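A.B. asks: Dropping a structure here in structure tokens format, bear with me for questions.
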């Protein structure tokens with residue numbers, strides 16, 4: 001069913017708004033994918049905070065114009081679905097990668113992060129990015145390490161003294 005001009009304008013505006021606040025994007029060809037399987041992909045995307053939409057290439061090119069995803073222009077060819085990560089940069093990569101493992105009809109064409117276009121081989125790099133919680137815990141670990149080392153350094157003389165007193169006490173108990 002063909003879209004009316006007003007519907008196209010609304011769709012372009014919606015995709016542009018999403019693209020302007022997205023962290024990463026993946027474009028994949030879905031040729032041969034059944035509607036039922038595509039519904040499963042959509043549900044998984046929704047669950048992970050991903051905006052996933054099938055958009056005609058000419059409309060997608062207009063929608064990403066003026067955003068950091070304008071670099072996707074060369075890969076917008078053929079029947080494509082475009083997914084934008086809104087909360088977690090790696091989420092769209094994980095969902096598309098996992099779905100493509102089970103459905104070889106879904107083929108990644110391009111990835112965009114930070115205004116740079118990457119090839120389909122980089123889906124693993126995107127999918128392996130830590131989640132927000134993982135990144136925060138890694139940051140906390142890095143921030144906590146010097147403090148922990150300082151506390152150990154300050155506590156070590158006291159611990160050595162206690163061990164020495166215990167050793168002298170054990171030696172005296174043996175000789176008695």
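The values are calculated or read from the model by the stated rules, or taken from the named source; none is laboratory data. Since we're looking at a predicted model, the values are computed, not measured. Cβ coordinates were reconstructed from backbone atoms using ideal geometry, including for glycine residues, and neighbour counts include every protein chain displayed.
A.B. asks: Given the criterion touching a residue at least 40 places away in the same chain (Cβ under 8 Å), farther than 16 Å from residue 53 by Cα, out of contact with any strand residue (DSSP E or B) (no Cβ under 9 Å at 6 or more places or on another chain) and not in a strand (DSSP E or B), identify the matching residue among 130, 89.
C.D. replies: Going through 130, 89 in turn, just one is touching a residue at least 40 places away in the same chain (Cβ under 8 Å), farther than 16 Å from residue 53 by Cα, out of contact with any strand residue (DSSP E or B) (no Cβ under 9 Å at 6 or more places or on another chain) and not in a strand (DSSP E or B): 130.
A.B. asks: Checking the condition surrounded by fewer than 16 Cβ atoms within 10 Å (Cβ to Cβ) and touching a strand residue (DSSP E or B) at 6+ places or on another chain (Cβ under 7 Å), which residue from 54, 107, 113 passes?
C.D. replies: Within the list 54, 107, 113, the selection yields 54.
A.B. asks: Here is a further query. Can you pull out the residues in region 76-104 that are surrounded by 23 or more Cβ atoms within 10 Å (Cβ to Cβ) and out of contact with any helix residue (DSSP H, G or I) (no Cβ under 8 Å at 6 or more places or on another chain)?
C.D. replies: Within region 76-104, 91 is the sole residue that qualifies.
A.B. asks: Taking the options 75, 142, 81, name whichever one is touching a strand residue (DSSP E or B) at 6+ places or on another chain (Cβ under 6 Å) and at pLDDT below 90.
C.D. replies: 75
A.B. asks: So how many residues does region 105-119 have that are in contact with a helix residue (DSSP H, G or I) (Cβ under 6 Å, 6 or more places away or on another chain) and either part of a strand (DSSP E or B) or not assigned by TED's automatic domain parsing to the domain that holds residue 53 (or both)?
C.D. replies: Summing the residues that are in contact with a helix residue (DSSP H, G or I) (Cβ under 6 Å, 6 or more places away or on another chain) and either part of a strand (DSSP E or B) or not assigned by TED's automatic domain parsing to the domain that holds residue 53 (or both) in region 105-119 gives 6.
A.B. asks: Turning to a different aspect of this structure: For the list (1) at pLDDT below 85; (2) outside the structural domain of residue 19 (by TED's automatic domain parsing), I need the number of the one condition that residue 164 fails.
C.D. replies: That leaves (1) as the condition not met.
A.B. asks: Find the helices (runs of 4 or more DSSP H) located wholly in region 1-83 whose residues include 2 or more that are closer than 20 Å to residue 129 by Cα, and list them.
C.D. replies: Fully inside region 1-83 and qualifying: 5-21, 35-47.
A.B. asks: Take the residues in region 121-136 that are within 22 Å of residue 68 (Cβ to Cβ) and out of contact with any helix residue (DSSP H, G or I) (no Cβ under 9 Å at 6 or more places or on another chain), then tell me which one is surrounded by the most Cβ atoms within 10 Å (Cβ to Cβ).
C.D. replies: Restricting to residues being within 22 Å of residue 68 (Cβ to Cβ) and out of contact with any helix residue (DSSP H, G or I) (no Cβ under 9 Å at 6 or more places or on another chain), the top hit is 135.
A.B. asks: Report, by residue number, each residue of region 46-55 that is under 17 Å from residue 11 (Cα atoms) and touching a helix residue (DSSP H, G or I) at 6+ places or on another chain (Cβ under 8 Å).
C.D. replies: 50, 51, 52, 53, 55 - these are the residues of region 46-55 that are under 17 Å from residue 11 (Cα atoms) and touching a helix residue (DSSP H, G or I) at 6+ places or on another chain (Cβ under 8 Å).
A.B. asks: Given the criteria free of Cβ contacts under 8 Å to residues at least 40 places away in the same chain, closer than 25 Å to residue 124 by Cα and not assigned by TED's automatic domain parsing to the domain that holds residue 136, does residue 26 qualify?
C.D. replies: Considered against the rule, which asks whether it is free of Cβ contacts under 8 Å to residues at least 40 places away in the same chain, closer than 25 Å to residue 124 by Cα and not assigned by TED's automatic domain parsing to the domain that holds residue 136, residue 26 comes out as no.
A.B. asks: Can residue 174 be described as surrounded by fewer than 10 Cβ atoms within 10 Å (Cβ to Cβ), farther than 28 Å from residue 66 by Cα, over 15 Å from the mean Cα position of the chain (by Cα) and assigned by TED's automatic domain parsing to the domain that holds residue 37?
C.D. replies: No, not satisfied.
A.B. asks: While we're on this one: Exactly one of these conditions fails for residue 43: (1) modelled with pLDDT under 90; (2) out of contact with any helix residue (DSSP H, G or I) (no Cβ under 7 Å at 6 or more places or on another chain). Give me its number.
C.D. replies: Among (1) modelled with pLDDT under 90; (2) out of contact with any helix residue (DSSP H, G or I) (no Cβ under 7 Å at 6 or more places or on another chain), residue 43 violates only (1).
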